[in-house]
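No value in this document is a laboratory result; all are computed from the given coordinates. All values reported here derive from a predicted model rather than from experimental measurement. Please note: Cβ atoms are built from the backbone with ideal geometry, for glycine as well, and neighbour counts cover all protein chains shown.
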Amino acid sequence: MNNNNNIEMRAVYAQTLIKLAEEDDRIVLLEADLMKATGTTVFKNKFPDRIFNVGVAEANMVGIAAGLSAGGKIPFAASFGCFATRRAYDQFFISANYAQQNVKLVGTDPGISAAFNGGTHMPFEDAGIMRNIPKLVVFEPCDPVSLGKLVIQSAKHKGSTYMRLHRKAARVLYPENEEFELGKGKVLVDGTDVTIIATGVIMVNEALAAQELLVKEGISAAVIDMHTIKPIDTELVSRYAKKTGAIITCENHQIINGLGSAVAETLSENYPTLMKRIGINDEFGEVGTQDYLQGRFLLTIENITNSAKELLKKKKASSIKI
């Protein structure tokens, strides 16, 4: 899992869709004038009659996708995460999900990965918005391998999905033959003292780096890639809560109604456990480099390691009998 190769995520997204389209003529794509940004120009070159650019009209794009689904197609519709969710929410809620259609909505540049596009384009709340839609599957791949495999799973899934897509290059963490299932997290590193549950490219990599620092200090930290935020893997969360007695969640998203909330809900109903949520703490985004924004919003290795130590102190204190 320590492969240092970096591969552009949007390229994997496009190539996976080409592969799917070669095998299934129901696969179609929709874009809201962001084909170059999403990387799907190569799909247009291969299948010019199966990709539709609707212009800067995201709600209309989702409505058309729902219509294509009703006609038997499997549509993937993509735009920046802020527009795919906030701008097109009602159409996706009613025309796709309430109508029980099969629309695969993709929101690119999640959280701080929007970088220089700034606060207006920085979706810190998109997964939280989508978690409220009944039966909708919400997921975020953390590397090129998981992206390709989860896009395939999304295409096979009967019903709508929402994927947070990191467009830029990402480090390969999984072997090519790794298998994935929507709704089932992956244990990247086992551990016994504390569990770090992370999602997405930025925070899974930060969690793995934090784990390496913690082990040097004699702290055994498990790292879980919780690629599917809804439905959350209740069994895996509960198992590691029992095993380590301390949980940290890490997300490039608001801590409100995102991964942290999903894990907290699971723990409160199944196995109450000491917990710390790392993510955006009820703030708007701003312009900056990724490094600056990670420091600004405390999405860092240092915050994860310090949080782990604080939780372990609390765990030790709570175990002392008076």
Taking loop as defined by DSSP and a crowding limit of 12 other beta carbons within 10 Å, which chymotrypsin sites (Phe, Trp or Tyr not before Pro) in the range 226-292 fit?
284
Determine the shape class of the range 186-313: with a ≥ b ≥ c the square roots of the Cα gyration tensor eigenvalues, call it rounded for a/c under 1.5, and otherwise prolate if a/b is greater than b/c, oblate otherwise.
oblate
Sparse-neighbour loop sites [trypsin sites (Lys or Arg not before Pro); the range 160-264; at most 16 other C-beta within 10 Å; DSSP]:
168
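Roughly how big is the chain's charge dipole about its Cα centre, with Cβ charges of +1 (Lys, Arg) and -1 (Asp, Glu), in debye to the nearest 20?
About 500 debye.
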Calculated from DSSP helices alone, with each H run of at least 4 adding -39500 (n - 2.57) and the total divided by the residues of the chain, [θ]222 nm to the nearest 500 comes to -11500 deg cm²/dmol
Take every Cα pair under 8 Å in the chain that's 6+ residues apart, average their separations, divide by the length, and report that relative contact order as a whole percent.
17
At what distance in nm do the modelled label points of residue 313 and residue 291 sit from each other, each positioned 7 Å from its Cα along Cα→Cβ?
3.0
Which trypsin sites (Lys or Arg not before Pro) from the range 250-322 combine a DSSP loop assignment with at most 12 other Cβ atoms within 10 Å?
321
